[in-house]
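The values are calculated or read from the model by the stated rules, or taken from the named source; none is laboratory data. Here the structure is a predicted model, which means the values were calculated and not measured. Glycine also receives a Cβ, built like all others from the backbone with ideal geometry; neighbour counts cover every protein chain displayed. Surface accessibility is based on the protein's heavy atoms, side chains included, excluding ligands, DNA and RNA. Shrake-Rupley method; radii C 1.70, N 1.55, O 1.52, S 1.80 Å.
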Amino acid sequence: MEKFVKISFLGAAGVVTGSKFLIETSEKNILIDCGMFQGLKELRELNWENLPIDVSTIDVVLLTHGHLDHVGYLPRLIKQGFKGKIKGTAPTLAIAEVILRDSAKIHEEEAKKANEENYTKHSPALPFYSKLDAEKTIKQFEVEIEDTWIQLSEHISYRFQYNGHIIGATFIELDINGKRFVFSGDIGRKHDYLLYAPKKPKKADFLFIESTYGNKLHPAENIEDVLTQIILETINKKGNLIIPSFAVERLQMLMFILWKLYQDNKIPNIPIFVDSPMGKNVLDVFKRFPKWHKQSPKEFAAMCEHVNIIQSYKETWETIDDKRSKIVMAGSGMVTGGRVLTYLQQLIDEPSTTVLLVGYQAEGTRGRQLQEGAHEIRFYGKYYPVKATIKNIESLSAHADQQGLLDWLSDIKNAPEKVYLIHGEPTALDAFRVKLKDLYNWDATIPKLTDVSKLMV
């Protein structure tokens with residue numbers, strides 16, 4: 001008897017964010033990732049809509065990693081009736097816990113601020129989810145070990161495989177009736193300061209691969225030299241270097257590079273402030289899971305000693321008022337919210353300020369606006385003129401570039417029956433589609449949001 005698997009693309013299809021892929025089979029229904037859309041307003045508005053499926057029929061959620069665009073929709077999924085387990089590696093669930101608690105707090109604070117200062121169309125503005133919703137979600141977490149096949153039902157098993165990118169990140173292999181489904185999640189880089197090189201899949205009948213940098217190679221720049229130059233220029237201008245930073249991985253990597261530059265006498269002992277409660281919690285995750293990254297406990301402790309970790313909002317203001325040249329790393333990485341806005345509110349109109357963007361800036365984010373040379377940015381209901389110098393180091397990205405993606409799939413021995421390109425903007429997706437056709441003669445499909453694919457297994 002012919003058996004079918006139905007795949008619904010509920011996110012990260014034709015866009016980078018909002019990762020959600022529903023696999024329906026005669027035995028179990030599995031959701032791979034459950035992330036929030038970020039960036040363009042029309043995408044963010046989709047977050048407020050219920051999923052176009054019966055959520056109560058999902059048996060299990062498997063998480064590739066803990067980033068917001070892969071886990072941030074989980075509390076809404078539970079509100080819509082999901083009762084099953086949410087599974088991932090131990091560091092992934094630890095990161096997801098930090099991210100859900102932090103984003104719930106931010107959602108509550110932003111709703112409160114919007115209501116108090118009356119810059120909302122909604123009456124009243126409501127948080128996307130509350131701290132209570134986040135705690136309910138965390139109760140459904142269940143840790144799985146990496147690199148081991150786990151039986152889900154008679155004909156379905158799955159495995160998490162190390163993938164670099166961020167601590168705990170994996171790609172997911174599903175065996176359904178002997179057919180191998182591979183979900184890449186976000187693929188890390190081969191040569192990373194903190195993480196090991198990603199493992200590679202050996203077989204894929206149905207491949208779902210990210211294409212964030214499907215049309216690009218990371219610049220072959222020397223990050224340490226570029227960073228040194230920017231820091232010395234900041235000191236000469238008697239200014240501040242503000243680095244909007246993702247609290248997971250990017251922040252720890254920057255801390256490590258800055259500590260290394262100081263150790264090597266390339267930069268003076270400029271004060272470094274880390275203003276990210278979430279970043280501090282992520283440091284604890286690094287400490288708890290030393291086998292998942294390259295740093296020794298001794299190195300890690302020395303790096304943490306070298307920076308000032310801000311504990312309170314009062315200290316944020318003390319840091320802004322501190323007249324010394326300094327480096328401030330604060331969330332969020334795409335300048336969509338978080339503590340970095342407080343610094344930019346005070347300092348983005350100063351020509352002595354430098355803002356350094358250090359990762360992927362999604363369409364529709366303030367980070368992308370700054371990257372593209374906006375003369376003003378809007379937040380907290382007001383416009384702020386951009387007089388600061390804006391710099392960008394793309395090569396600090398935690399994503400594999402086009403060559404890295406091709407390297408990741410180079411051990412696949414068979415020609416997949418179907419290849420789906422996900423997690424990319426249209427130009428990146430199309431360039432990667434052409435590349436796969438030229439190199440391997442694979443016909444890749446670029447699914448759109450809410451597309452459904454029926455596969456025979």
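Just wondering, is there one or more residues in segment 28-50 that are within 26 Å of Lys179 (Cα to Cα), open to solvent by 10 Å² or more (accessible area, probe 1.4 Å) and touching a residue at least 60 places away in the same chain (Cβ under 8 Å)?
yes
Check every one of the strands (runs of 3 or more DSSP E) wholly within segment 141-204 and list those with 3 or more residues that are closer than 29 Å to Arg250 by Cα and open to solvent by 10 Å² or more (accessible area, probe 1.4 Å).
Strands (runs of 3 or more DSSP E) meeting the threshold: 141-143, 156-162.
Looking at this structure, is Leu100 at pLDDT 95 or above and either acidic (Asp, Glu) or surrounded by 18 or more Cβ atoms within 10 Å (Cβ to Cβ) (or both)? Explain how you work it out, then say what you get.
Values: at pLDDT 95 or above: yes; either acidic (Asp, Glu) or surrounded by 18 or more Cβ atoms within 10 Å (Cβ to Cβ) (or both): yes.
Yes; evaluated as a whole, the condition is true for this residue.
Select, from Ile187, Ile270, the only residue that is within 17 Å of Asn163 (Cα to Cα) and modelled with pLDDT of 95 or more.
Ile187
For Trp317, all conditions in the list (1) part of a loop (DSSP other than H, G, I, E, B); (2) under 23 Å from Leu341 (Cβ atoms); (3) over 18 Å from the mean Cα position of the chain (by Cα); (4) of a type outside the set (Ser, Thr, Tyr) hold save one; what is the number of the exception?
In the conditions (1) part of a loop (DSSP other than H, G, I, E, B); (2) under 23 Å from Leu341 (Cβ atoms); (3) over 18 Å from the mean Cα position of the chain (by Cα); (4) of a type outside the set (Ser, Thr, Tyr), Trp317 misses (1) alone.
This table checks each residue for (1) open to solvent by less than 10 Å² (accessible area, probe 1.4 Å); (2) touching a Lys or Arg at 6+ places or on another chain (Cβ under 9 Å).
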{"position": "Gln229", "(1), (2)": "no, no"}
{"position": "Thr234", "(1), (2)": "yes, yes"}
{"position": "Lys238", "(1), (2)": "no, yes"}
{"position": "Phe256", "(1), (2)": "no, no"}
{"position": "Ile272", "(1), (2)": "yes, yes"}
{"position": "Asp275", "(1), (2)": "yes, yes"}
{"position": "Val285", "(1), (2)": "yes, no"}
{"position": "Pro290", "(1), (2)": "no, no"}
{"position": "Ile309", "(1), (2)": "no, yes"}
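Considering only residues that are within 19 Å of Ile231 (Cβ to Cβ), open to solvent by 10 Å² or more (accessible area, probe 1.4 Å) and either touching a Leu at 6+ places or on another chain (Cβ under 8 Å) or among the hydrophobic types (A, V, I, L, M, F, W, C) (or both), which ones fall in segment 326-351?
Matches in segment 326-351: Leu347 only.
Please determine, by comparing only the residues of segment 231-267 that are acidic (Asp, Glu) and closer than 26 Å to Lys287 by Cβ, which one is modelled with the lowest pLDDT.
Among them, the one singled out is Glu249.
From the set of residues in segment 375-426 that are aliphatic (A, V, I, L, M), surrounded by 18 or more Cβ atoms within 10 Å (Cβ to Cβ) and more than 30 Å from Ile348 (Cβ to Cβ), which is farthest from the chain's Cα centre (by Cα)?
Ile412
Does Arg378 qualify as being closer than 20 Å to Ala247 by Cα, touching a Lys or Arg at 6+ places or on another chain (Cβ under 9 Å) and of a type in the set (Lys, Arg)?
Judged against the criteria, Arg378 is not a match.
For the subset of segment 241-278 comprising residues that are assigned to a strand (DSSP E or B) and β-branched (Val, Ile, Thr), which member is farthest from the chain's Cα centre (by Cα)?
Checking each candidate, the answer is Ile272.
Inside segment 116-138, can you point out the residues that are at pLDDT 85 or above, part of a helix (DSSP H, G or I) and farther than 15 Å from Met36 by Cβ?
Once the filter is applied, which keeps residues that are at pLDDT 85 or above, part of a helix (DSSP H, G or I) and farther than 15 Å from Met36 by Cβ, segment 116-138 yields Lys131, Leu132, Glu135, Lys136, Ile138.
Kindly provide the set of residues from segment 41-73 that are touching a strand residue (DSSP E or B) at 6+ places or on another chain (Cβ under 9 Å) and not in a helix (DSSP H, G or I), ordered by number.
Leu51, Pro52, Ile53, Ile58, Asp59, Val60, Val61, Leu62, Leu63, Thr64, His65, Gly66
Take the residues in segment 1-25 that are hydrophobic (A, V, I, L, M, F, W, C) and open to solvent by 10 Å² or more (accessible area, probe 1.4 Å), then tell me which one is nearest to Lys418 (Cα to Cα).
Of everything passing the filter in segment 1-25, Phe4 is nearest to Lys418 (Cα to Cα).
Step by step: first the residues of segment 3-40, then only those that are in contact with a strand residue (DSSP E or B) (Cβ under 6 Å, 6 or more places away or on another chain) and among the acidic types (Asp, Glu), then the one that is farthest from Phe128 (Cα to Cα). Which residue is that?
Ranking the candidates gives Glu27 first.
Give the residue that is nearest to Phe300 (Cα to Cα), with candidates limited to residues of segment 161-199 that are under 18 Å from the mean Cα position of the chain (by Cα) and of a type in the set (Phe, Trp, Tyr).
That would be Tyr193.
For Gly359, work out the one condition from (1) small (Gly, Ala, Ser); (2) within 29 Å of Tyr196 (Cα to Cα); (3) free of Cβ contacts under 8 Å to residues at least 24 places away in the same chain it doesn't fulfil.
So the condition that Gly359 fails would be (3).
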